[in-house]
1. Probe radius 1.4 Å, ligands and nucleic acids left out: which of ARG261, ARG138, ARG75 has the largest accessible area, and how do the rest follow?
2. Just the accessible area per residue of region 165-266, please: how many Å² with a 1.4 Å probe?
3. Residue by residue, what Karplus-based ³J(HN,Hα) values in Hz, rounded to whole numbers, does region 212-221 have, using 6.51, -1.76 and 1.60 with θ = phi - 60° and x for Gly and Pro?
4. For region 3-61, give the percent of accessible area contributed by carbon and sulfur heavy atoms, probe 1.4 Å, rounded to a whole number.
5. Which label belongs to the value computed from this structure, given these candidates for Rg/Rh (Cα atoms, Kirkwood Rh): (i) 0.96; (ii) 1.05; (iii) 0.98?
6. Rounded, prolate or oblate: pick one for region 67-167, where a ≥ b ≥ c are the square roots of the eigenvalues of its C-alpha gyration tensor, a/c under 1.5 means rounded, and failing that, prolate if a/b is larger than b/c, else oblate.
7. Let me check I've understood the local charge: for ALA264, count other residues with C-beta under 12 angstrom from its C-beta, Lys and Arg +1, Asp and Glu -1. What total comes out?
8. From Cα pairs below 8 angstrom and at least 6 apart in sequence, can you work out the relative contact order of the chain, rounded to a whole percent?
Amino acid sequence: MSGRAPAGPGEAAFHDFWREAEFGRLEPVDMAVEGGRAALSLPQVFIAGYQASLRKVFPDLPAAGWAALAAAEDRKDPERFPGTVLTADGAGFRLGGCKSWIGQSRHVRHLLVTAKLDGAVRIARLPRDRAGVTITHRESPGFLPGLSQGFGRFERVAVAPGELLPGERGRDFARAERLFVMLACAAFLEARSVGAAQSPVDGLAAYCAEGRHDPARLAALDRDLQAAGERFGASAAAGAVPDWNGDRGLIAMYSRRIQARDPAAA
């Protein structure tokens, strides 16, 4: 890569940098590593890992532009914000309903929307600007406030048969997301040369590339990542990262579940 950096720590600056550097053309592992190394803030780190995980599970996504998987729904007020469903309409389908979380909502261009079709979950792949799609934005997200996070409303959105994907890919994404976000976090920490000799980047990169589930190995890699995060947090370099204290939970976001599944800890 060129060694260039975003113009600032915000989402818009990272979006411009990502587009100009053509990070969307990288392989998922390289995308997470290079994006994490270039990032100036932890919201930018999350975006790098999130985009990489989407490209891993949905390799036919366009290289240009960020994507988001819209799966979460409002369980508290389903009458006002009903979940998404697909209904047959001639040779295609219509998508209706709401989603309660869309990442990078101010800059997303490609949507992957989970929805029920005859009782089974499918995923509709749509451009953000399709007729009937409305995205609004949270004013004050509770976690990673530097990441725009929005709501989606879908009103009789046309979906072609070729735009429907298997619902199982949603579970594949949930597994991939934690791996590639962890990898981006490791690359971010390594780039700041805090304990670089003990960096888990290579191990996590190999694990992501192999695609083989090994709970004990992943737990060990997670422990290495948490140790690197602690070393960084104790260093003067942490003070140069915007909102480090509020955002540092990203590094440990998946740790509890990973460690709970470690057979060596049983």
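1. Final ranking, largest accessible area leading: ARG75, ARG261, ARG138.
2. Value returned for region 165-266: 48 Å² of accessible area per residue.
3. Karplus values, whole Hz, x for Gly and Pro: 9, 7, 9, x, 5, 5, 5, 4, 5, 5.
4. 49
5. Label of the calculated value: (iii).
6. In terms of gyration-tensor shape, prolate.
7. Cβ neighbours under 12 Å give a net charge of +1.
8. 20
The values are calculated or read from the model by the stated rules, or taken from the named source; none is laboratory data. It should be emphasised that the depicted structure is a prediction, and the values quoted were computed from it without experimental measurement. Neighbour counts are summed over all protein chains in view; Cβ atoms, including those assigned to glycine, are modelled from backbone coordinates with ideal geometry. Just so you know, the surface numbers come from the protein's heavy atoms only, side chains and all, with ligands and any DNA or RNA stripped out. Shrake-Rupley method; radii C 1.70, N 1.55, O 1.52, S 1.80 Å.
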